[in-house]
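Heads up, the thing below is written out as structure tokens.
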Amino acid sequence: MRKIYTVVLLSCLLALSGCEKYLEIKPVGSVIPTTAQEYRALLARAYKRVPMQRGTVGFRSDEMQVVANNWDQQRYADWERWNDVAPAPTTNQLDWGGFYNVIFVANHVIENQKQITEGTPAEIDQLAAEAYLLRAYMHFMLVNLHGQPYTKPGALTTKSVPLKLDNDLEGLLSRNTVEEVYASIQSDVNNARALMNKESWEVQFSYRFTKDAVEAFQARISLYKADWQSAYDAAQSVLGHKSALEDLNAASPVLPNNFQSVENITALERMESSDNNAALAPANFLSMYEQGDRRLALCFSAPNADGASKSLKVGASEFSSTFRVGELYLTAAEAAAHLNKLPEARARLLQLMQKRYTPEAYAAKEAAVNALTQEALIAEILNERARELAFEGHRWFDLRRTTRPRIEKVLKGETFVLEQDDDRYTILIPKEAIAANPELAK
């Protein structure tokens, strides 16, 4: 068994062979890492292998449409048409194996944390904490891609994706319920919280998790569960000491999802270049931006003849953002509004808006927001979330966790409809994965 395990780990290492240029770690004569330095290199490669799928599924929302050229149409048209049953052979596929590959490495770090040598206790705890959070985040992405939304009535007992919490290579994985996966995610977050000791990293290591990342992730988990008090508390805990926002009225503003932005918490994910090249923001989505909203000109190109625009906040590695401060303002605002803490909700929303709108437009916004009822305020917060987090991989997941609304698209003269609460708000497990493991069909 040890020999098989070693071979599989070596295969994972080869799959994760692309390593950051600033790492010069080259273990000699060793397949299984032993030192803290070697485990750090292994974990760095796992971070690099995290699948960048948030952009791909954005085509399913109202936020993105596929450009007209045949190459991109062949790869993405079925995504924006919600054609999951019989997609074209050329359609881009989600990286199911990639998620479990990263989980495999995280499990190895967790299982062997007590055997790590040549590291201080704090360094070893930090490695384990990051592994727990990485495993939790991979399961979180999987369950929100391929499991029913947590907030959908009856969803908790439905089968979703397999949990992989060890590296036992014998037997086939079976699917766990949505409730079981979320319980495991929360357990991993709790373990990460107990071990995490890094407040921040040097900018070149900003993809690594920190203490703030734990709470930012907790806020998102709780938001997706509609656990409003937990979401509010977690968001507020970060904003209590990290609340700076980029001012888009500045002479040379930095876009908030830039990894060097003051808003950055974790810069792990970005939109893949292939997704970016294929994507336009359609005219009906751009119409959500009002006059005086600085994001329209800063984040999107001039519209084409159809009124669609390219996003300017993606397409380069500098635009990497998994958790950032702007999201936490919106989470705190949404949670507070649901808790009927309307002054707190308005305050967080307006603090963000003041940095995104011209002074004149903000004055009008301030008056309007202060007059909104609870229901209208929640709607405005969700609209502001769509504008603020556009092309950062949130829109599809926000639609899933809230009302799962009816979406209609007219593409090349043909109408396609995703009905209210449609089953296609949950993406099918890839056929290739089921072929390799028939248990996934059950």
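The values are calculated or read from the model by the stated rules, or taken from the named source; none is laboratory data. Nothing here was measured: the structure is a model prediction, and the numbers come from that model. Reconstructed Cβ throughout: ideal geometry from the backbone, glycine too, with neighbour counts over all protein chains shown. Ligands, DNA and RNA are stripped out before the accessible areas are found, and what is left, the full protein with its side chains, is counted by its heavy atoms. Shrake-Rupley method; radii C 1.70, N 1.55, O 1.52, S 1.80 Å.
Each residue, Asp233 and Lys114, gets one label point 7 Å from its Cα in the Cβ direction; the gap between the two is 3.1 nm.
P(r) tail, the range 347-442: Cα-Cα pairs separated by more than 21 Å, 56% of all pairs. Just name one of Pro89, Gln148, Gln74: the one whose Cα is farthest towards the positive end of the charge dipole of the chain (beta-carbon charges, Lys/Arg +1, Asp/Glu -1). In the chain, that residue is Pro89.
Given springs between every Cα pair under 10 Å in a Gaussian network model of the chain, which of Ser252, Ser301, Ser174 has the largest fluctuation? In the Gaussian network model the winner is Ser252. Just checking the listed ones, Asn340, Asn92, Asn101: in the Gaussian network model of the chain with Cα springs under 10 Å, the one fluctuating most is Asn340. In units of the compact-protein estimate 2.2 N^0.38 Å, the range 233-286 shows a Cα radius of gyration of 1.48.
Overall, the accessible surface of the chain at a probe of 1.4 angstrom is composed of carbon and sulfur to the extent of 52 percent. Here the sum of -39500 (n - 2.57) over DSSP H runs of 4 or more residues, divided by the residues of the chain, equals -15000 deg cm²/dmol at 222 nm, to the nearest 500. In summary, the lysines within cross-link reach of Lys355, defined as a Cα separation below 18 angstrom excluding same-chain residues under 8 places away, comprise Lys242, Lys313, Lys365.
Database remark: amide H of Tyr357 closer than 5 angstrom to the amide H of Arg294 (H placed geometrically; neighbours at sequence offset of 5 or more, or on other chains; Pro and chain starts carry no H).
Residues whose amide H lies under 5 Å from that of Ala279, counting only those 5 or more places away or on a different chain, are Val67; hydrogens are built 1.01 Å from N in the peptide plane.
Taken as Cα centroids, the range 342-419 and the range 112-166 sit 30 Å apart, rounded to the nearest whole angstrom.
Taking θ as phi - 60° and the Karplus parameters 6.51, -1.76 and 1.60, the scalar couplings of the range 50-63 work out to 4, x, 9, 9, 5, x, 4, 6, x, 5, 7, 8, 8, 8 Hz in sequence order, x denoting glycine and proline. Per residue, the chain exposes 41 Å² of accessible surface when a 1.4 Å probe is rolled over the protein heavy atoms with every protein chain present. Neighbours of Ala183 by Cβ distance under 14 Å: Lys/Arg scored +1, Asp/Glu scored -1, total -2.
Helix 36-49 and the longest principal axis of the Cα set of the chain meet at an angle near 40°.
Building the convex hull from the alpha-carbon atoms of the range 278-325 and averaging its projection over directions returns 4.3 nm². Each Lys and Arg adds +1 at its Cβ and each Asp and Glu adds -1 at its Cβ; summed about the Cα centre, the chain shows a dipole of about 400 debye. Across all C-alpha atoms in the range 373-426, the radius of gyration and Dmax reach 13.0, 40 Å.
Taking 30 Å as the limit for the C-alpha separation, the pairs Lys198/Lys310; Lys409/Lys442; Lys152/Lys412; Lys198/Lys431; Lys164/Lys341; Lys225/Lys409 exceed it in the case of Lys198/Lys310; Lys409/Lys442; Lys152/Lys412; Lys198/Lys431; Lys164/Lys341. Each Lys or Arg adds one and each Asp or Glu takes one away; over the other residues whose Cβ falls under 9 Å from the Cβ of Phe300, this sums to +3. Karplus-derived 3J(HN,Hα) values for the range 382-396, using 6.51 cos²θ - 1.76 cosθ + 1.60 with θ = phi - 60°, are 5, 5, 5, 4, 4, 5, 5, 9, 3, 6, 10, x, 10, 4, 4 Hz; glycine and proline are entered as x.
When the Gaussian network model of the chain links Cα atoms closer than 10 Å, the mean-square fluctuations of Leu428, Leu195, Leu280 top out at Leu428.
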